[in-house]
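Undergrad: There's a structure below that I have some questions on.
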Amino acid sequence: RITILPHGSLRILNASKSDEGRYLCQGVNVFGSAEIVASLSVKEPTRIELTPKKIELTVGESIVLSCKALHDSTLDVTFYWTLNGQPIDFDKEGGHFESIKAQASSADLMIRNILLMHAGRYGCRVQTAADTVSDETELLVRGPPGPPGVVIVEEITDTTATLSWSPGADNHSPISLYNLQARSPFSLGWQTVKTVPDVISGDMESAMAVELNPWVEYEFRVVATNKIGTGDPSAPSRMIRTNEAVPKTPPANVSGRSGRRHELVIAWEPVSEEFQNGEGFGYIVAFRPNGTRGWKEKMVTSSDASKFIYRDESVPPLTPFEVKVGVYNNKGDGPFSPIVVICSAEGEPTAAPIDVKATSLSVSEILVAWKHIKESLGRPQGFEVGYWKDMEQEEAAEKVKTEGNESSILLTGLEGNTLYHLTVRAYNAAGYGPPSTAVRAATKKSPPSQAPSNIIWIQDGSQVSLGWEPVRPLANESDVMGYKVLFRQEGQSNSQVIETQKTSAVVLLPDVGVYIIEVCAVSEGGDGTASPQIRVPSFAGGKVTSAQSTLHVFSTSSSSVTLLLALMVPSTSW
């Protein structure tokens, strides 16, 4: 049990407490001797227990692994956790792992919201100063199936595709069924398709997708399902195009549209490329007068077409026709839409508006009004007003349109003091009716360009009396009809207005503060140029004293206000 090895070491097998003590090692030769002393302490061996020993869990569940150590009480222990032999990095595992040490001699591993990737061998290693021991347990994780293998298109027809695939991992829960999904340029992502058989059991590796659209490019993929759930889909198959076939979908919403006289306008919703079923797609437009037998057919070769116009000078307005629209492609003719009855165009309006009147409102506005004779055919959708200056030709007329049954319009942005000629005519989708007899109206002259001058104002507390010289308009300007006094408190944008036909006015300033006052002439052509602003302080609410009575003259020839006179007398003396 105790052996001295050739190099001088001492080996003790099956050490026990009785082997504890101080050991002396002495070396001797002809020159002398040397010795060392070693102390031996014998500790109890460390033993661990890792539970549970084998676990089967489902994705999303949680588990606690418990590791308990039986060790010599004089030794400290350290716990280490591994997964498949690699240390677990608790900071990089997304919160799935947590090490819990409630006692000095035990440690727990919490695994939360388990994923498939967490399956494997979990190890607990306990280390002391005297020995190291470890134990392992197996964790099996059940989950939805993995993605099936490569999807191969075995056979293709106009409406079917036979597919095969290899099964993916079942993740410890047998695959119960498969679903086939398809994607085309016309679908909103991947869609489950009908199959033969209807239910594809988990032991099958091929099936047929049915009810596909002819002449459409498809990709296919397979999705597996087990008791746990549905797994990730397979990679998409190569893109394939189904074979051509005769079209089966006629146009929808066949109807009539407005047109010109003697026209039959037939409209429809174009058939989507998804349902054209092949190359050379077009439309067959069939129509006949209501009550007749034979159909007249016209080919429309554009697949994007949505309208056909048939013109016949012998067709009266609003003649009813039976109409249907069919489809065709290189494989043959498809079905027609249901028969609908639509009427030929009613034609453009035939009557001109009457009682056209033009009234000048200002320097830039003329109001035009009219009446319209109701017609059984050629009903108007609106009216067009044309206007041109007296020295211009009618061909240069500007035009403004109304919609519906409007019977007047205000023309704006016109030149002042200008004579205009005006006509009105009705219109609809078929065209324009005849114009009315031209009428004339002249815009007003421009307002006076001269501002009121030599403004005299007397302030008596909150009351301001104003006077000014009359404005004399130029020959090409409107006559003065009166004046406006505009006043507002400083800092505000909205002015109060006093109108007068005299060259004087009295303004009552309602609040304490500084007021801005302006004066302008009023004419048929609008308001004239305003005078320079006057700033007046208000003493509203206080008793008026003689010291508050002042006389001011404001001359338009100067931008300054000059105080001419300030009298220490009551205001009644003025």
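The values are calculated or read from the model by the stated rules, or taken from the named source; none is laboratory data. None of the values given here were measured: they were computed from a predicted structure. Cβ sites come from the backbone with ideal geometry, for glycine too, and all protein chains shown count toward neighbours. To get the accessible areas, we keep the full protein, side chains included, count just its heavy atoms, and leave off ligands, DNA and RNA. Shrake-Rupley method; radii C 1.70, N 1.55, O 1.52, S 1.80 Å.
Undergrad: How would TYR283, TYR310 line up by accessible area, probe 1.4 Å, largest first?
TA: TYR310, TYR283
Undergrad: In Å and from the alpha-carbon atoms only, list the Rg and Dmax of region 358-510.
TA: Just the Cα atoms of region 358-510 yield Rg and Dmax of 22.8, 73 Å.
Undergrad: If you don't mind, there's one more thing I want to ask. Based on alpha-carbon positions alone, could you give the equivalent ellipsoid semi-axes of the chain from the gyration tensor, as √(5λ), descending, whole Å?
TA: 97, 61, 17
Undergrad: Suppose every K and R has +1 on its Cβ and every D and E has -1 on its Cβ; what is the size of the dipole of the chain about the Cα centre, in Debye to the nearest 20?
TA: 640
Undergrad: Normalised by the number of residues in region 124-268, what is the relative contact order in percent for Cα pairs under 8 Å and 6+ residues apart?
TA: That works out to 25 percent.
Undergrad: Related question: Pop a pseudo-label 7 angstrom from the Cα along the beta-carbon direction at both ILE36 and ARG241 and give the gap in nm to one decimal.
TA: 8.8
Undergrad: Also, quick follow-up: Of THR503, PRO167, THR3, which is farthest along the charge dipole of the chain in the positive direction, counting Lys and Arg as +1 and Asp and Glu as -1 at C-beta?
TA: The one lying farthest along the dipole's positive direction is THR503.
Undergrad: I've got another one for you. Using only the Cα atoms of region 206-336, build the gyration tensor, take square roots of its eigenvalues as a ≥ b ≥ c, and label the shape rounded, prolate or oblate: rounded if a/c is under 1.5, else prolate if a/b is larger than b/c, else oblate.
TA: The shape class here is prolate.
Undergrad: Can you return the lysines within cross-link range of LYS444? Criterion is Cα-Cα under 16 Å, with same-chain partners fewer than 8 residues away left out.
TA: LYS389
Undergrad: Mind running the shape call on region 250-404? Use the C-alpha gyration tensor, a ≥ b ≥ c as the square roots of the eigenvalues: rounded below 1.5 for a/c, prolate if a/b tops b/c, oblate otherwise.
TA: Judged from the Cα gyration tensor, region 250-404 comes out prolate (a/c at least 1.5, a/b above b/c).
Undergrad: Assigning unit charges at the beta carbon (Lys, Arg +1; Asp, Glu -1) and nothing else, what dipole magnitude in debye, to the nearest 20, does region 140-231 show about its Cα centre?
TA: Result for region 140-231 is approximately 440 debye, rounded to the nearest 20.
Undergrad: Based on the mean of other Cβ atoms within 10 Å per residue, sort peptides 7-16, 73-82 so the most packed one is first.
TA: Listed from highest to lowest mean packing, they are 73-82, 7-16.
Undergrad: Semi-axes of region 152-242's equivalent ellipsoid from the Cα gyration tensor, sqrt of 5 times each eigenvalue, largest first, rounded to whole Å?
TA: Gyration-tensor ellipsoid for region 152-242: 23, 13, 11 Å.
Undergrad: Restricting things to Cα coordinates, could you compute the convex hull volume per residue of region 73-129 in Å³?
TA: Cα convex hull per residue, to the nearest whole number: 86 Å³.
Undergrad: Counting Lys and Arg as +1 and Asp and Glu as -1, what is the net charge of the other residues whose Cβ lies under 15 Å from the Cβ of VAL133?
TA: Spelling it out: positives minus negatives among the neighbours equals -3.
Undergrad: Using θ = phi - 60° and the Karplus form 6.51 cos²θ - 1.76 cosθ + 1.60, what ³J(HN,Hα) does each residue of region 441-458 get, whole Hz, x for Gly and Pro?
TA: For region 441-458, the Karplus-derived couplings read 7, 10, 5, 5, 5, 5, x, x, 8, 7, 8, x, 10, 6, 6, 10, 9, 10 Hz, x marking Gly and Pro.
Undergrad: Among all the lysines, which ones have a C-alpha under 17 Å from LYS54's C-alpha, if same-chain residues fewer than 8 places away are not counted?
TA: LYS68
Undergrad: Give, to the nearest whole percent, the P(r) tail of region 354-442 beyond 15 angstrom, counting all Cα pairs.
TA: So the portion of pairs separated by more than 15 Å is 56 percent.
Undergrad: At a 4.7 angstrom Cβ threshold, list every cysteine in the chain that has nobody to pair with, or say none.
TA: CYS25, CYS343, CYS520
Undergrad: Please label the shape of region 344-394 as rounded, prolate or oblate, based on the square roots a ≥ b ≥ c of the eigenvalues of the alpha-carbon gyration tensor (a/c under 1.5 means rounded; beyond that, a/b larger than b/c means prolate, else oblate).
TA: Here region 344-394 falls in the prolate category.
Undergrad: Separate question: So which aspartates and glutamates pass the test for LYS248, namely a Cα distance under 12 Å, with those fewer than 8 places away in the same chain ruled out?
TA: Within the straight-line cut-off, LYS248 pairs with GLU274, ASP333.
Undergrad: Pairs LYS374/LYS401; LYS324/LYS374; LYS357/LYS484; LYS296/LYS374: which exceed 24 Å Cα-Cα?
TA: The answer is LYS324/LYS374; LYS357/LYS484; LYS296/LYS374.
Undergrad: Considering the options PRO233, GLY491, ILE100, tell which one lies farthest towards the positive end of the dipole of the chain, charges being +1 on Lys and Arg and -1 on Asp and Glu at the Cβ, about the Cα centre.
TA: It is GLY491.
Undergrad: Just by accessible area at a 1.4 angstrom probe, what is the order of ASP170, ASP304 from largest to smallest?
TA: From most exposed to least exposed: ASP304, ASP170.
Undergrad: Please sort 231-243, 53-65 by packing, taking for each peptide the average over its residues of neighbouring beta carbons within 10 angstrom, highest first.
TA: 231-243, 53-65
Undergrad: For a Förster distance of 25 Å, can you work out the FRET efficiency between the beta-carbons of ASP390 and LYS357, rounded to the nearest 0.05?
TA: It comes to 0.90.
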